[in-house]
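Please read the structure below before turning to the comments.
The values are calculated or read from the model by the stated rules, or taken from the named source; none is laboratory data. It should be emphasised that the depicted structure is a prediction, and the values quoted were computed from it without experimental measurement. Heads up, the Cβs are rebuilt from the backbone with ideal geometry, glycines too, and the neighbour counts pull from every protein chain shown. Side chains included, ligands, DNA and RNA excluded: accessible areas come from the protein's heavy atoms. Shrake-Rupley method; radii C 1.70, N 1.55, O 1.52, S 1.80 Å.
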Amino acid sequence: MAAQQHTVTATPFQQAVWEAIRQIPTGRVTTYGDIAAYLGTKAVRAVGTAAGRNPNAPQVPCHRVVCADGKIGKYSGPGAVKRKKELLSHEGVEIAGGKIVDFETLRYRF
DNA sequence: AACTTGACAGCAG
DNA sequence: GCTGCTGCCAAGT
C-alpha cells in the first residue's frame, strides 16, 4: 500500500506549460501569451508563474520565453536577466537595449 | 475557505 | 514613448 509519496506532483497546468516551452527549438523564442493561447487560456500570469517554478531547468528552456513586446522579461537566479540575455545571444538570438532584434522573425509559433 | 502574490498583456493618461 | 491601472488564472500562505 503505497502511502502517498512525497512526489511533488505538479498540476496538469504546470506540466502543460513546461511541455509547451520544451517545444521551442534553439535560436527561437516565444511569448507567455502565445503559450497561454496554446494551452487555451488567458492566464499569462499563471504561465509565467509556472515557468518560474520549473524544476526541469535544462530540459525546459524557459529562457526562450519572453514578453510580447520582445522584451526579455525575467529569469531566476542571481543576475537572472543578464544570464537570460547571454543564453539567448549564445543561441543566435541577438539582443539590443534589452529587447530582441527581429523578434517577430525569431518568434516561434506552435 | 479567503486573500495576496506573480518569470504578463493590453489600454488609458 | 513611458508610467500606471486593470484583467486574466493559478498557486501559495
Go through the residues of the range A:46-60 one by one and say whether even a single one is within 14 Å of DNA strand C (Cβ to nearest atom) and of a type in the set (V, I, T). yes
Select from the range A:69-79 the residues that are within 17 Å of A:T30 (Cβ to Cβ) and either among the hydrophobic types (A, V, I, L, M, F, W, C) or open to solvent by 50 Å² or more (accessible area, probe 1.4 Å) (or both) and list them in ascending order. A:D69, A:K71, A:I72, A:K74, A:Y75
Of the numbered conditions (1) more than 16 Å from DNA strand C (Cβ to nearest atom); (2) within 29 Å of A:T9 (Cβ to Cβ); (3) of a type in the set (V, I, T), A:V65 satisfies every one except a single condition; which is it? (1)
Looking only at the range A:80-105, which residues are under 20 Å from A:A50 (Cα atoms), over 13 Å from the mean Cα position of the chain (by Cα) and open to solvent by less than 50 Å² (accessible area, probe 1.4 Å)? A:A80
Restricted to the range A:21-68, and to residues that are under 16 Å from A:L88 (Cα atoms) and among the charged types (D, E, K, R), which residue is surrounded by the most Cβ atoms within 10 Å (Cβ to Cβ)? A:R64
Out of (1) in contact (Cβ under 8 Å) with a residue 60 or more places away in the chain; (2) over 17 Å from A:R107 (Cβ atoms); (3) not hydrophobic (A, V, I, L, M, F, W, C), what's the single condition that is false for A:P25? (2)
Pick from the range A:68-88, criterion within 16 Å of DNA strand C (Cβ to nearest atom) and touching a helix residue (DSSP H, G or I) at 6+ places or on another chain (Cβ under 7 Å), ranking: modelled with the lowest pLDDT: A:S76
